[in-house]
Amino acid sequence: MNKYILYLPFGYTYLSRIKTIPKLISFILTIPIPCFIFFYFGLLSSSERDLSIGAGFVVSYVCIYIFYENGYIQNDIKTVKKERNPTLRIVGELYDFIDTNYYSIILLRTLFFVFLLFLVLYVTPYNIIIKIISYAFFTSVIYYFHNNIRNAFKTVTFFILSSSRFIFPILIFSSVMVPEKLAYIPLSILIYTLPALLIYSTKSFGLMHFIIGNENKYKIIYYFIMAVVFLLLYLLSLNNSFWLIMLIIFFYMMILVFIKEIIVNK
């Protein structure tokens, strides 16, 4: 794989964590798509659902993710040098290339971020640009602390970072959402962040490792329970469309993990 894809959004994630096309597809299906469905169909009114808002959200998500990935690069290239037993995601020639060109890589990725901001200007109001820059900065600050913590508190920063992958892109467009649905935004952590947090906590807490067991089976059970919860909420609320969207998302996630489990056990 061409090492220069790391200059592009999602390129470094592919090189360091995904590494195969099927896993890349799985990543897109697991995080960006549920986030988009939650926002576009759950929090917007039908009158606000148009191509410009949808495209603006996608580009804004990519903008924020550039800085999320920059945190990955900092951790994998710089932070690992301070660790006694680091997890090495990048090794050999690729590590040397990134380490040598670290600042130019970050600079070029930031310039790509600026280029995307100009694209957003064509489809969204000016205040959206200010929000994108602000949340990109917040992402960098959170990642700085996450990469410099070496104790159980790292679980907290992981939770904040993982939540930001859903919440920050959504908050950027809070001004166009149905006002009464703004309170539903924190529920986005139930889609990916909470199950991922419990799995991450097994690194620091042995009891959680015992409770979680097989990760895919645990996720299937989790998403099944959540689907049942939101089915009941939908039935009891007399046709609240948001609960229906949440039901669809959790059922979708359950099926997705179930397919992964089948493939893994082949």
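The values are calculated or read from the model by the stated rules, or taken from the named source; none is laboratory data. Not measured: the values here are computed from a predicted model. Glycine gets a Cβ as well: all are built from the backbone with ideal geometry, and neighbour counts include every protein chain shown. Keep in mind that these areas ignore ligands, DNA and RNA; they rest on the heavy atoms of the full protein, side chains included. Shrake-Rupley method; radii C 1.70, N 1.55, O 1.52, S 1.80 Å.
Values for this structure:
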| read-out | value |
| --- | --- |
| Loop trypsin sites (Lys or Arg not before Pro), segment 85-153, which have at most 15 other Cβ atoms in a 10 Å radius of their Cβ (DSSP) | Arg150 |
| Ranked by how many other beta carbons lie within 10 Å on average, peptides 95-107, 56-68, 216-228 from highest | 56-68, 216-228, 95-107 |
| Theoretical gain in end-to-end length, Asp96 to Leu29 [0.36 nm per residue, Cα-Cα removed] | 20.9 nm |
| Filtered GluC sites (Glu not before Pro), segment 13-101: DSSP coil and at most 13 other beta carbons within 10 Å | Glu83 |
| Segment 1-150, dipole about Cα centre (Lys/Arg Cβ +1, Asp/Glu Cβ -1), debye to the nearest 20 | 400 debye |
| Per residue accessible area of the chain, 1.4 Å probe, in Å² | 52 Å² |
| Lys, Arg +1 and Asp, Glu -1 on Cβ, resulting dipole of the chain about Cα centre, debye, nearest 20 | 620 debye |
| Extension gain from Lys78 to Ile262, taking 0.36 nm per residue of separation minus the Cα-Cα distance | 62.5 nm |
| Positive-end residue of Ser60, Met253, Pro186, charge dipole of the chain with Cβ unit charges | Met253 |
| By accessible area with a 1.4 Å probe, ligands and nucleic acids excluded, highest first: order of Tyr126, Tyr144 | Tyr126, Tyr144 |
| Cβ-based charge dipole, the chain, positive-most Cα from Tyr102, Gly42, Asn240 | Tyr102 |
| Distant alpha-carbon pairs in the chain (separation over 28 angstrom), percent | 39 percent |
| Relative contact order for the chain, counting Cα pairs under 8 Å that sit 6 or more residues apart, in percent | 22 percent |
